[in-house]
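Take a look at the structure set out below.
The values are calculated or read from the model by the stated rules, or taken from the named source; none is laboratory data. Just so it is clear, the structure is predicted and the values come from calculations on it, not from any experiment. Note that we place each Cβ from the backbone using ideal geometry, even for glycine, and neighbour counts take in every protein chain shown.
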Amino acid sequence: MASQQTSRVERLLERVAAFMDENVYPAEALYKEQVKEYGWTKAPPVIEELKAKAQAQGLWNLFLPDSERGYGLSNRDYAPLCELMGQSPIAPEAFNCSAPDTGNMEVLERYGTDEQKREWLEPLLAGTIRSAFAMTEPDVASSDATNIRTRIERHGNGYRVHGRKWFISGAGDPRCRILIVMGKTDPEADRHSQQSMILVPMDTPGVRVVRPMRVFGNDHAPHGHMEVDFDNVQVPASNLLLGEGRGFEIAQGRLGPGRIHHCMRLIGLSERCLAIMCRRVKERVAFGRPLASRDTIRADIANSRIEIDMARHLVLHAADMMDKVGNREARSEISAIKVVAPNLCQRVADRAIQAHGAMGISQDTILADAWMYARTVRFADGPDEVHRAAISRLELSKHET
Ligand SMILES: Cc1cc2nc3c(=O)[nH]c(=O)nc-3n(C[C@H](O)[C@H](O)[C@H](O)COP(=O)(O)OP(=O)(O)OC[C@H]3O[C@@H](n4cnc5c(N)ncnc54)[C@H](O)[C@@H]3O)c2cc1C
């Protein structure tokens, strides 16, 4: 049985790799051009073409574990596939495996009612709409989610949402139809029972996208990381997920898979940066010798290889733990990779940039985007320090007297 599954994953891996070579990498430049052309008004048509092709080939929604709607892959099975997709910034969306939709689909799959699944999960799985997850707020330190101030108050026969969020990835996308919003239903309750999550359709009166937050000067259109205002937004009571006071429970369920997917993709991106670096230093000659002959360059290459392989083992270990003992029990391992993978990718991209000279920070390679992406993931889904704090807390608790 295990070997049957292994060969199934190997076959999938070959098919995903072939799809990337034939369709995804050649479309990267056109994607960038179309982003420039259409900005916020429309998703680049080439991504819809790629999605249609991937879906037709059955390379679709590979991420969803333990679900009849998914492909039947475990987190461990999915890891090498996700890593491969991470090599191109446009690949995850082409396979309908991109953030923040995968995390949101997992929330709906695990905690949604039949009606919520019909209305939102089905079109997300079909890739006809997109979604966003709204937790972070400008006015409070949101790495501590107990600080969140947005109110979700009972009002009439529904709920009223009031507050302001920012850095909400994907909320600028013209295809984004639904937000999962975290807020407080009962500020007097126990610290971890004050929060709830609720579904807010983008077109509900009172939802206003204020501006895109720039990331190192980029607005990342058409998805963006948006500031969003909720001005007394009224939604039906049936939009609440799971129940009042259960926001943290859902966050734990969502953030495990979301985090490990980021890490898998970052390993793939690190591989691509290293490959680009190796090709460049073999052909570039300075002071009479190829750069590849210099000890410092070779040390950078060797250290990158060592660190990528170490990180990959750690990610696979965390995936295995998630499959065997569950996301909650695997939280220390998930936090560990969430610290390791973005830092690794940032370092590998930085070395590759340095070896390229000025070209490394230009638009002519993906290195600058890779560095930027890795740097931002050191915040998204929890800053490094918060994950280190969680690991140390669990470690210290093993030694209570
Ligand atoms: C590109 C990008 C995309 C994002 N997408 C989303 C999204 O889609 N949805 C969403 O809700 N949010 C999103 N975020 C926001 C992200 O989740 C938050 O930035 C993160 O949780 C930190 O919250 P904060 O910015 O309020 O930092 P703060 O809470 O103000 O923390 C500031 C800094 O304090 C330090 N710190 C915090 N706690 C500790 C501690 N215990 N010990 C030591 N130091 C500590 C850390 O260095 C931290 O970076 C995104 C962010 C970025 C950059």
| field | All positions within region 122-143 that are without any contact (Cβ under 8 Å) to a residue 40 or more places away in the chain and within 11 Å of the ligand (Cβ to nearest atom) | value | 136, 137, 139, 140, 141, 142
| task | Would you confirm whether any residue within region 328-345 is of a type in the set (A, V, I, L, M, F, W, C) and either surrounded by fewer than 17 Cβ atoms within 10 Å (Cβ to Cβ) or not assigned by TED's automatic domain parsing to the domain that holds residue 365 (or both)? | result | no
| remark: Every listed condition ((1) within 16 Å of the ligand (Cβ to nearest atom); (2) farther than 17 Å from residue 272 by Cβ) holds for residue 401 save (1)
| query | Across region 274-329, what is the total count of residues that are among the polar types (S, T, N, Q), within 24 Å of the chain's Cα centre (by Cα) and closer than 23 Å to residue 368 by Cα? | reply | 1
| task | Kindly provide the set of residues from region 89-118 that are within 17 Å of residue 370 (Cβ to Cβ) and in contact with a Phe, Trp or Tyr (Cβ under 6 Å, 6 or more places away or on another chain), ordered by number. | result | 90
| message | Given the criterion at pLDDT 95 or above, part of a strand (DSSP E or B), farther than 20 Å from residue 252 by Cα and more than 16 Å from the ligand (Cβ to nearest atom), identify the matching residue among 119, 153. | response | 153
| query | Is it fair to say residue 142 is within 24 Å of the chain's Cα centre (by Cα), under 22 Å from residue 105 (Cα atoms) and of a type in the set (Gly, Ala, Ser)? | reply | no
| When you look at residue 140, is it out of contact with any strand residue (DSSP E or B) (no Cβ under 9 Å at 6 or more places or on another chain) and either of a type outside the set (Phe, Trp, Tyr) or modelled with pLDDT of 95 or more (or both), yes or no? | yes
| message | If the requirement is being of a type in the set (Asp, Glu), within 29 Å of residue 137 (Cβ to Cβ) and not in a helix (DSSP H, G or I), which of these qualifies: 369, 364, 381? | response | 381
| field | Check on residue 353, in a helix (DSSP H, G or I) and over 24 Å from residue 99 (Cα atoms) | value | yes
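So that you can scan it fast, the table gives a plain yes or no per residue for (1) assigned by TED's automatic domain parsing to the domain that holds residue 333; (2) surrounded by fewer than 13 Cβ atoms within 10 Å (Cβ to Cβ); (3) touching a Ser or Thr at 6+ places or on another chain (Cβ under 9 Å):
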| position | (1), (2), (3) |
| --- | --- |
| 284 | yes, no, no |
| 288 | yes, yes, no |
| 291 | yes, no, no |
| 295 | yes, yes, no |
| 298 | yes, no, no |
| 309 | yes, yes, no |
| 313 | yes, yes, no |
| 317 | yes, no, no |
| 320 | yes, no, yes |
| request: Please specify each residue of region 102-137 satisfying the condition of being among the hydrophobic types (A, V, I, L, M, F, W, C) and touching a strand residue (DSSP E or B) at 6+ places or on another chain (Cβ under 9 Å). | output: 105, 107, 108, 120, 124, 129, 132, 133, 134, 135
| Considering 172, 206, 163, which residue is in the same structural domain as residue 150 (by TED's automatic domain parsing) and touching a Pro at 6+ places or on another chain (Cβ under 7 Å)? | 172
| Failed criterion for residue 230 (all others in (1) within 14 Å of the ligand (Cβ to nearest atom); (2) assigned to a helix (DSSP H, G or I); (3) farther than 30 Å from residue 75 by Cβ hold) | (2)
| request: Sort out which residues of region 354-394 are buried (at least 19 other Cβ atoms within 10 Å of the Cβ) and either within 10 Å of the ligand (Cβ to nearest atom) or at pLDDT below 95 (or both), and write them in order of number. | output: 373, 377, 378, 380, 381, 382, 387
| field | Sole residue being closer than 16 Å to residue 304 by Cα and over 23 Å from the mean Cα position of the chain (by Cα), chosen from 349, 341, 370, 355 | value | 355
| Filter result for the condition that a residue is over 30 Å from residue 360 (Cα atoms) and not in a loop (DSSP other than H, G, I, E, B), over 199, 274, 269 | 199
| field | Every residue from region 211-241 that is of a type in the set (A, V, I, L, M), over 30 Å from residue 361 (Cα atoms) and surrounded by fewer than 18 Cβ atoms within 10 Å (Cβ to Cβ) | value | 237
